[in-house]
Structure formats: structure tokens, C-alpha cells
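The values are calculated or read from the model by the stated rules, or taken from the named source; none is laboratory data. The shown structure was predicted, so the numbers you read here are calculated from the model rather than taken from an experiment. So basically every Cβ, Gly included, is an ideal-geometry build from the backbone, and we count neighbours across all protein chains shown.
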């Protein structure tokens, strides 16, 4: 039975508080996690809201910015079932990119459910991309070299945001009559924007498949996310069942044409073996391979969902860093082409 929005909000506040404690413990493990260098607020007159972007930058960013240098940029989306988490949760991933790829990381603080259900998070991701494209010169960004990354719910956004961006551009152009100036601004913003790769970590890709079925089909059902979490996430983010087959929520439901046109050629998908989302991840990999995409799928053995966000400060961080470093090496090779 679906919970009331008020009760979902109370649960979300409770778990957000506990997650902040968990992430505090997570950050205690060496090495020290970096803080964002600065933030920018995306103001949207058309939607009446603002989105904060947290920037992680190479040490020489200010000097090279004054010299006219432009950095490739990775736009990251945090996890938490669209309900929990915040933009600084992936600071270790951001540090790996900054240090090994010499790129800027822009981590998006999208609005969370249940206060802001679907498609708010996807639209916030699109607005963030448009802001980066429009302010690329001021931010010293080379937006012809953009990678998208994300974890769990953020892994979903790394896939669905480019789909939504494509749809938004198409809609604006079709409805340009009486809004020619708005349409031209959107075209100008995206003219240089080029998403060259996706790095999606243990994403949810299909909201139509029931969680009970996923749990039953997983290799280790007792190690999958508990029902109280999955109910909170799904009911908070997509309360309307008819929205769950939207390609902007469930990208596995998108047509071949949309996936082919909107997603970049290089796609990296990292799947946890003990995750209830493993099967849909593998299915999506085969789908993209059939469309001619260059897909690299990495199975993380004997790992739970969000294995890299353990609150245990004595955890084996080196095993996580190995995969982060491997992903960064691939990202750098793509940016350097």
C-alpha cells in the first residue's frame, strides 16, 4: 500500500540524518576527502527554482583559467534513491578524476523526492548541463569534452539526462512559434556541448520491474536492499505508476532510436554482483552493444549495492580505488583523443 506524501517526507528526513552520519564516518578513512573549490547556483526563471553545482578543480585551476586554458568536465550525480544523499557524497570519485584525469568535476545537487518527484531530478540535470555550456568560458570548461557519471540513482541520471536533453531540444524546436528567442538561446547553449562518455555505477534502469521480482532473482537476496528502503525510494520518486515506463525514468524502455541518438558512443557500466539491479544492468549492456555502442561492463564481484559508500572507516578503500583509477584511465583516454 502506498504511503502518504507526508509520511514519506518524515521517513526521508530521518534517513537523510542517518546517512549524513554514515558519510561522516565514510570520510574518516584516509586519504582525506577534498572539499569543493566553489559552488554555482543555477537560476531558472522558467521553472522558478535553483540548483547548486559543486565544483572540484585541479590545483592549478585558477592559474590556467587566467591563461585561457579549458578543462574537460565530468558532470556527476549522487545516489540515494533520488531521496537521500547530497552532491558531496562522491568526493573520493571526484578526487580521483581531478588528480588522474586533470578535469573539473561538477557535482549536481539536484532536488530530491518526495518533495520534488519525477521528473524534477532529470530536469535539474538538464538545467545544470545547459548552465555549464552557457558559462563554459567563465568556468574554463571545454564542453566539447563532457563525461557524465553517477552512482545508483545518479547512475540512472547519467543515462536519462541526455535522453531528456534530446527531448527538450526537439520539443523547443517544434514549438518555436512565438518563442523564437527562447529556442535560439537553447540552440546556442547546446551548440558546443558534446557528451563523449557515460560512467554509470550500479544504476537503477527499470522502474516497471517489481522490486520483489528483482530481489528473488538476485544471486544473494539476503544482501539486497531492504524493502523499507526500496519502497521509500520508489514511492517518493515516482508515485504515479503511469510515469514508470517513461524513458526518462526507465531508460531500458526507451526506443532504439532515442538511445542511439542521445547516448554517447562510449558507455561504462559498473554492476555489483549481489545487487538486485544486476540483471537489468546486464540486459541494458547487451541492448547498447546491439546498437553499436562501445560498452565496457564491469562486474564487481561479491559486492552489495553501493559497496563503495561503506560507513566503516576501516574498510578496504584500496579495492575501491582500483576500480575508480581504472575508470579514470579510460576517461582520460577518451578526453585525450
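See the values below:
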| read-out | value |
| --- | --- |
| Filter pass, residue 166 being in contact with a helix residue (DSSP H, G or I) (Cβ under 6 Å, 6 or more places away or on another chain) and in a loop (DSSP other than H, G, I, E, B) | no |
| Candidates 105, 101, filtered to the one that is more than 21 Å from residue 313 (Cα to Cα), more than 16 Å from the chain's Cα centre (by Cα), crowded, with 22+ Cβ neighbours inside 10 Å and touching a residue at least 24 places away in the same chain (Cβ under 8 Å) | 101 |
| All positions within the stretch 60-112 that are within 19 Å of residue 129 (Cβ to Cβ) and assigned to a helix (DSSP H, G or I) | 93, 94, 97, 101 |
| Residue, farthest from residue 92 (Cα to Cα), within the stretch 150-163, restricted to residues that are out of contact with any helix residue (DSSP H, G or I) (no Cβ under 6 Å at 6 or more places or on another chain) and outside any helix (DSSP H, G or I) | 152 |
| Residue in the stretch 262-270 that is touching a residue at least 24 places away in the same chain (Cβ under 8 Å), in a helix (DSSP H, G or I) and in contact with a helix residue (DSSP H, G or I) (Cβ under 6 Å, 6 or more places away or on another chain) present | yes |
| Residue match in the stretch 235-249 (condition: modelled with pLDDT of 95 or more, within 25 Å of residue 324 (Cβ to Cβ) and touching a helix residue (DSSP H, G or I) at 6+ places or on another chain (Cβ under 8 Å)) | no |
| Among (1) part of a loop (DSSP other than H, G, I, E, B); (2) under 23 Å from residue 165 (Cα atoms) - the single one residue 276 does not satisfy | (2) |
| Residue within the stretch 9-25 that is touching a strand residue (DSSP E or B) at 6+ places or on another chain (Cβ under 7 Å), crowded, with 17+ Cβ neighbours inside 10 Å and either modelled with pLDDT of 95 or more or at negative phi (or both) present | no |
| Set 75, 42, 52: member being modelled with pLDDT under 95, surrounded by 15 or more Cβ atoms within 10 Å (Cβ to Cβ), within 30 Å of residue 234 (Cα to Cα) and under 20 Å from the mean Cα position of the chain (by Cα) | 42 |
| Unique match (being surrounded by 14 or more Cβ atoms within 10 Å (Cβ to Cβ), outside any strand (DSSP E or B) and out of contact with any strand residue (DSSP E or B) (no Cβ under 7 Å at 6 or more places or on another chain)) among 320, 285 | 320 |
| Residue 215 vs. criteria buried (at least 16 other Cβ atoms within 10 Å of the Cβ) and free of Cβ contacts under 8 Å to residues at least 40 places away in the same chain | no |
| Filter pass, residue 37 being over 30 Å from residue 242 (Cβ atoms), in contact with a strand residue (DSSP E or B) (Cβ under 8 Å, 6 or more places away or on another chain), surrounded by fewer than 19 Cβ atoms within 10 Å (Cβ to Cβ) and in contact (Cβ under 8 Å) with a residue 12 or more places away in the chain | yes |
| Count - residues of the stretch 235-251 that are without any contact (Cβ under 8 Å) to a residue 60 or more places away in the chain and assigned to a helix (DSSP H, G or I) | 2 |
| Selected residue [over 22 Å from residue 221 (Cα atoms), surrounded by fewer than 21 Cβ atoms within 10 Å (Cβ to Cβ) and touching a strand residue (DSSP E or B) at 6+ places or on another chain (Cβ under 9 Å)] from 253, 257, 337, 244 | 337 |
